[in-house]
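Input: a single structure, listed below in structure tokens.
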Amino acid sequence: MGNYSVDYLPIAIDDLEDIFYYIAEDDPSSALAFLNEIDVAILHLEEFPEMGLIPKVRRLMNKGYRILIINEFLVFYVLIGNTVEIRRIISSKRNYARLLY
């Protein structure tokens, strides 16, 4: 276990569930593989919380956001003390700057 803990905001859990069900409509096994891939990548944040990219959108940068890219999905998170707070998990095709607070 790493030096940091990972905590998901409820909206990030909703994002993950929505993505899972969307993929599962066509291919349930791919949906499970997606969840595993996301889980493994996010668990790396326990050891390497600063591995995500700093966003280019100044408002997000100023709020301390980082972005973890997993295939065509973006995991937005911030560091709060020793906690990695997962705030959103969204498609890279969406206008993410409008979805984040």
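The values are calculated or read from the model by the stated rules, or taken from the named source; none is laboratory data. Note that the coordinates shown come from a computational prediction; the quantities given were computed from them, not determined experimentally. Because the Cβ atoms are built from the backbone with ideal geometry, glycine has one as well, and the counts that use them run over all protein chains shown.
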Filter result (exposed (fewer than 12 other Cβ atoms within 10 Å of the Cβ) and in a helix (DSSP H, G or I)) within segment 1-27: P10, Y21, E25, D26
I'd like to verify a number: residues in segment 32-56 that are of a type in the set (G, A, S), closer than 14 Å to L74 by Cα and in a helix (DSSP H, G or I), how many? 1
If you take the residues in segment 56-70 that are over 15 Å from I86 (Cβ atoms) and not aliphatic (A, V, I, L, M), which one is modelled with the highest pLDDT? N62
Test set (1) loosely packed, with under 12 Cβ neighbours inside 10 Å; (2) in contact with a strand residue (DSSP E or B) (Cβ under 7 Å, 6 or more places away or on another chain) - R58 fails condition number: (2)
Tell me, yes or no, whether segment 71-78 has at least one residue that is outside any strand (DSSP E or B), surrounded by 13 or more Cβ atoms within 10 Å (Cβ to Cβ), modelled with pLDDT under 95 and among the charged types (D, E, K, R). no
